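Asks: Dropping a structure here in structure tokens format, bear with me for questions.
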Amino acid sequence: MYRKERSVPLKSSSSALYNNLSVLPLRDKQLTYFAAVHGSSVSLASAAPGGLSVSHRQLQAKEGAGVGCNSSFPFQASWCVLPSRVLLVLTSQKGIQVRVLLPFLGSGKGGAQAVFARGIAAASGRFICVGTSSGLVLVFDVPSKGTNITLSEVLEEHRDSITDITSEDGAADLVTADDSGALCVWKAKEEFSLLTRISAFGWTCSSVKLWNGVIAAGYGNGQIRLYEATGGALRATVSAHARWIYALDLAPLTGKLLSGAEDSYVQIWKLSRSPDTGDIEIEHCHSECVTDTQLCGARFCDPEGNSFAATGYDLSEIVRYGQV
Amino acid sequence: MFNKKFMEELFKPQELYSKKALRTVYDRLAHASIMRLNQASMDKLYDLMTMAFKYQVLLCPRPKDILLVTFNHLDAIKDFIRDSPNILNQVDETFRQLIDMYSCLSAGEFQLIRQTLLIFFQDMHIRVSIFLKDKVQNSNGRFVLPLSGPVPWGTEVPGLIRMFNCNGDEVKRAEFTNGGNYISPQREGSFDLYGDRKLHIKFSIKAENAAPNPLAKEELNFLARLMGGLEIKKPNGSEPGFRLNLFTTDEDEEYAALTRPEELSYKVINIQATQDQQQNEELARIMGEFEVTDQPRQSTSRGDDLLAMMDEL
């Protein structure tokens, strides 16, 4: 169903971090932008169709004055698409970068505990939400022009480090996931309000996606779970991978889901809702093995899900696959 | 190496060591004994150590297993020093500290520790002959990741899809083939002071018995075999001890030193240099603990040599 296409070479290899691949397809420019984290910098690459004319940039996690001898490791880099502009958001141990460095807000708890930000999503057409190691979710208001980004709200529901955040406009707007495996579902109007809380079952939820009111969550025990966004009812469990899942992605126009894990596999699934019963269904479509690679990021490269890309720990390229 | 002060320093929450810092600690540890290695042999020994450890961290089925790897190492060390009650106490004390500090961490926190360790090892693809021979490493330096065997404790063998209605009743089941060839796990390994760790990351050199092979013991055996070219030089002047050459001849060693690719050179930092870095001061203080004041013992067997080295630290 899919065949391997030309890889995008990277200047440096990808790190073992959750959701470590961000893809931005620009249809009008016939270009696809990729971002992945390597050690202390972020690799950016852009590729034209067919993998020709690739260009690279490397972003250092620069923190400004007063830095010790250790550089700060970025945790995640993600393209955020807002109606007015597209931003690249980087999180690290020291803070959050949205082209302009926002120093770390919240607890000044340094010292004994790791302090970092992780989990990035654009929401409701005007917010950027970023998770933190303390479990707080910071909501930033982004104006359509200028650099005056303000912290509009802090969501305090999670007790463990945030792992991933996802959004979709609909009955539910935002889903946040944490290290313990708990999920929170939010609605955004002027402020965010908690709709549902889905309890953990003992495994980290490393990646979460939202589609048509269905939450897809990937866990450390290799399982994918589907929940109803309103109410939080469990609708499906899939023993999908033999190792820790690192990334999920959804193709919004078709309901295709992909999962990437440390077991070297990318699995492609199809979500649907039965018109008679309203039950959520999931079927397996395709397996792809990236030999000897623990995958850390995987994304569809177009909204129909006709092509996808993946990164792996220590792998100095982005592997790509396209539908035959 | 297991003395209280050094362990206290190690257990303090701190950032990941830089490559230079770790290499310096390693050099001082090795040289704090009667062992002497020149640059090429030291490089080779360090390469072997880092690649072996990278392999173990990378292939841990669950993040918490990195703790089992450490326990495996300590078990092997205890085996070597079982006749020395003082050292045995120190190692047991270290064991207890590890259990205190780490047993209550969640899987997610262990995964973060593992991801941080993996940053240290990123892009290291040094080929180790014993790994290549055992097909554990490819000729391009990357480790082989098996697609079969038992899944980690707590994971299900991939293949089953279960779907539920809004009342929570299972209404449909489906199966799929995931591509691998996995089986159910056996018992979970023990995290106690004593116990069967049940963690067998495949790395056996020779003796493949039915009994489990603690990984670290194999590494030390390997080192002892490499030390087959051991010669105890007569002390002349102030520098007694033996010189360890990890190559087959002295000429090979010199050649390796000359032809080592630039990017693989470890630039060992000079602790004596007056740099205004707090971390260097910390390290210098720790290094100070390692001064060997006693005369090295003469011993009869190779195993005792290793023991002697460990006792001096």
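Here, each number is a calculation from the coordinates, and none is a lab measurement. In this text, all values refer to a predicted model and were calculated from it rather than measured experimentally. Every residue, glycine as well, gets a Cβ built from its backbone with ideal geometry; the counts of neighbours run over all protein chains shown.
Asks: What list do you get for A:Thr32, A:Thr230, A:Thr291 if you sort them by fewest beta carbons within 10 Å?
Replies: A:Thr291, A:Thr230, A:Thr32
Asks: Let me ask another. Amide H to amide H under 5 Å from A:Gly222: which residues, 5+ apart in sequence or cross-chain, H placed 1.01 Å off N in plane?
Replies: Placed amide hydrogens put A:Ile245 under 5 Å from A:Gly222.
Asks: For the range B:1-78, what is the charge dipole size about the Cα centre, in debye to the nearest 20, if Lys and Arg each add +1 at the Cβ and Asp and Glu each add -1 at the Cβ?
Replies: That gives a dipole near 80 debye.
Asks: Go ahead and run the numbers for FRET between A:His56 and B:Asn140, Cβ-Cβ distance against an R0 of 25 Å, rounding to 0.05.
Replies: 0.70
Asks: Also, I was wondering about something else. In debye, nearest 20, what is the charge dipole magnitude of the range A:120-262 about its Cα centre with +1 on Lys and Arg Cβ and -1 on Asp and Glu Cβ, if you could check?
Replies: The calculated dipole for the range A:120-262 is roughly 360 debye.
Asks: Something else now. Quick one: compute the contact order of the range A:254-324, relative version, from alpha carbon pairs under 8 angstrom and 6+ residues apart, as a percent.
Replies: Relative contact order of the range A:254-324: 26 percent.
Asks: Under the 0.36 nm per residue contour assumption, what length would be gained going from the current alpha-carbon distance of A:Gln323 and A:Thr147 to full extension?
Replies: The span from A:Gln323 to A:Thr147 would gain 59.4 nm if fully extended.
Asks: So what is the relative contact order for chain A, in percent, with contacts set as C-alpha pairs under 8 Å and at least six apart?
Replies: Across chain A, relative contact order equals 16 percent.
Asks: Positive end of the charge dipole of the range A:240-324 (Lys, Arg +1 and Asp, Glu -1 on Cβ, about the Cα centre): tell me which of A:Pro252, A:Ala242, A:Leu295 has its Cα farthest that way.
Replies: It is A:Pro252.
Asks: About its Cα centre, how strong a charge dipole does the range A:188-324 have in debye, to the nearest 20, once Lys and Arg get +1 and Asp and Glu get -1 at the Cβ? Please report the intermediate quantities before stating the final value.
Replies: Values: 11 positive and 16 negative charges, 55 e Å.
That gives a dipole near 260 debye.
Asks: Given A:Gly170, A:Gln60, A:Thr277, which one lies farthest toward the positive end of the charge dipole of chain A, if we put +1 on the Cβ of every Lys and Arg and -1 on the Cβ of every Asp and Glu?
Replies: So the residue we want is A:Gln60.
Asks: Which ordering of A:Met1, B:Met124 is given by a fewest-first count of other beta-carbon atoms within 10 Å?
Replies: Lowest to highest Cβ neighbour count: A:Met1, B:Met124.
Asks: A further question on this structure: What residue among B:Gln115, B:Asn38, B:Val144 has its Cα farthest toward the positive end of the dipole of the range B:36-164, where the charges are +1 on Lys, Arg and -1 on Asp, Glu, each on the Cβ?
Replies: B:Val144
Asks: Right, next: Calculate one ³J(HN,Hα) per residue across the range A:263-272 by plugging θ = phi - 60° into the Karplus curve 6.51 cos²θ - 1.76 cosθ + 1.60, and present them in order as whole Hz with x for glycine and proline.
Replies: My calculation for the range A:263-272 gives 7, 6, 9, 9, 10, 10, 10, 10, 9, 7 Hz in order.
Asks: Taking neighbour Cβ counts within 10 Å as the exposure measure, how do B:Glu9, A:Glu288 sort from fewest upward?
Replies: Working: B:Glu9 14, A:Glu288 22.
Taking fewest neighbouring Cβ atoms as first place, the list is B:Glu9, A:Glu288.
Asks: In the structure shown, do any of B:Lys4/B:Lys78; B:Lys12/B:Lys44; A:Lys94/B:Lys64; B:Lys20/B:Lys54; A:Lys4/B:Lys64 have a Cα-Cα gap over 23 Å, and if so which?
Replies: Among B:Lys4/B:Lys78; B:Lys12/B:Lys44; A:Lys94/B:Lys64; B:Lys20/B:Lys54; A:Lys4/B:Lys64, the Cα-Cα distance tops 23 Å for B:Lys12/B:Lys44; A:Lys94/B:Lys64; A:Lys4/B:Lys64.
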